[in-house]
Amino acid sequence: MKGIVVAPQPRAADVGAAVLSAGGNAFDAAIATAFAQMVVDPFMCGVGGMGTMQVYQAATGERVMIDFYSRAGAKVTPEMWQEAVRGRSEISGYTLFDDYRSELGYTAIMTPGTVAGLYEAHSRFCTRPWEELIAPAIAMAYEGMTVTPFVYEFWTRKPQPGLPDGKTRLSTTKACQQLYLKADGSFYEVGEK
């Protein structure tokens, strides 16, 4: 294997390293790693997210940028929440609302770009089939996510001023509660699934 794979969670990096060892290229490894990361630590890399991929092909000198940002729905307007704004976070720059409408629940939803962006990169640069690259993440998802120290700390840390805490975030919808909280509403502990 020639190369290195880096990810916030070792299990995700191991997936990418296995792809390289099996003869995949750096793009194959990056996509497999990203999907695995989405499962083992969805708060650092998510299927509902966005991003930018900057590519430099040393052999050809080609430079490519693939943007895959989230998009607001067709009915969103710049003024729709103007009267409810209560300020901006000095730390993050987020617009603040008393009801967290831009952070939580169905009013905070945007059309994510991650999967489309990774698929675009796959279609242009990968050597392995898409199904092969996402298969490890699918298997991990069926096994269930084991709570890592980082995930637990992310859920329980004190939020930035004006932003909701982890319990509020994970309790916003019934679907979110069922995925991330125990039946009694408490957090899963480190090591639990």
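The values are calculated or read from the model by the stated rules, or taken from the named source; none is laboratory data. Only a predicted model underlies this, so the values are computations on that prediction, with no experimental measurement involved. Cβ sites come from the backbone with ideal geometry, for glycine too, and all protein chains shown count toward neighbours.
Yes/no per residue for (1) touching a helix residue (DSSP H, G or I) at 6+ places or on another chain (Cβ under 9 Å); (2) modelled with pLDDT under 95:
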| position | (1), (2) |
| --- | --- |
| ALA137 | yes, no |
| ASP165 | yes, yes |
| ARG169 | yes, yes |
| GLN178 | no, yes |
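Of the residues that make up segment 69-84, is at least one hydrophobic (A, V, I, L, M, F, W, C), surrounded by 10 or more Cβ atoms within 10 Å (Cβ to Cβ) and without any contact (Cβ under 8 Å) to a residue 12 or more places away in the chain? Working first, answer last.
Our first condition is that a residue be hydrophobic (A, V, I, L, M, F, W, C); within segment 69-84, this holds for 72, 74, 76, 80-81, 84.
Retained after the next criterion (residues that are surrounded by 10 or more Cβ atoms within 10 Å (Cβ to Cβ)): 72, 76, 80-81, 84.
Of the ones still in play, those that are also without any contact (Cβ under 8 Å) to a residue 12 or more places away in the chain are 76, 80.
Checked against the condition, which is being hydrophobic (A, V, I, L, M, F, W, C), surrounded by 10 or more Cβ atoms within 10 Å (Cβ to Cβ) and without any contact (Cβ under 8 Å) to a residue 12 or more places away in the chain, segment 69-84 yields at least one hit.
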The one condition in (1) closer than 28 Å to LEU179 by Cβ; (2) of a type in the set (A, V, I, L, M); (3) at pLDDT 95 or above that LEU20 fails to fulfil:
(1)
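Quick one: is THR156 farther than 30 Å from LEU20 by Cα and in contact with a Gly (Cβ under 9 Å, 6 or more places away or on another chain)? Quick ask: steps written out before the conclusion?
Working: farther than 30 Å from LEU20 by Cα: yes; in contact with a Gly (Cβ under 9 Å, 6 or more places away or on another chain): yes.
Spelling it out, THR156 is indeed farther than 30 Å from LEU20 by Cα and in contact with a Gly (Cβ under 9 Å, 6 or more places away or on another chain).
Quick test for you: out of ALA116, ALA175, pick the one residue that is among the hydrophobic types (A, V, I, L, M, F, W, C), part of a helix (DSSP H, G or I) and within 30 Å of ALA22 (Cα to Cα).
Numbers: ALA175 fails: within 30 Å of ALA22 (Cα to Cα).
So the residue among ALA116, ALA175 that is among the hydrophobic types (A, V, I, L, M, F, W, C), part of a helix (DSSP H, G or I) and within 30 Å of ALA22 (Cα to Cα) is ALA116.
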Qualifying positions in segment 144-172 - assigned to a loop (DSSP other than H, G, I, E, B) and closer than 18 Å to SER92 by Cα
ARG157, LYS158, PRO159, GLN160, PRO161, GLY162, LEU163, PRO164, ASP165
Which residues, taken from segment 118-157, are buried (at least 18 other Cβ atoms within 10 Å of the Cβ), aromatic (Phe, Trp, Tyr) and either more than 30 Å from GLU192 (Cβ to Cβ) or in contact (Cβ under 8 Å) with a residue 60 or more places away in the chain (or both)?
PHE125
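Output the residues belonging to segment 1-35 that are assigned to a helix (DSSP H, G or I), small (Gly, Ala, Ser) and within 16 Å of PRO129 (Cα to Cα). If you could, list the steps in order and put the result at the bottom.
Taking segment 1-35 first, the residues assigned to a helix (DSSP H, G or I) are 10-21, 26-35.
In the following step, the residues that additionally are small (Gly, Ala, Ser) were identified as 12-13, 16-18, 21, 26, 29-30, 32, 34.
Residues satisfying the conditions are GLY16, ALA18, SER21, ALA26, ALA29, ALA30, ALA32, ALA34.
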Please work out which one of (1) among the polar types (S, T, N, Q); (2) under 28 Å from PRO78 (Cα atoms); (3) not in a helix (DSSP H, G or I) is the condition THR107 fails and give its number.
(3)
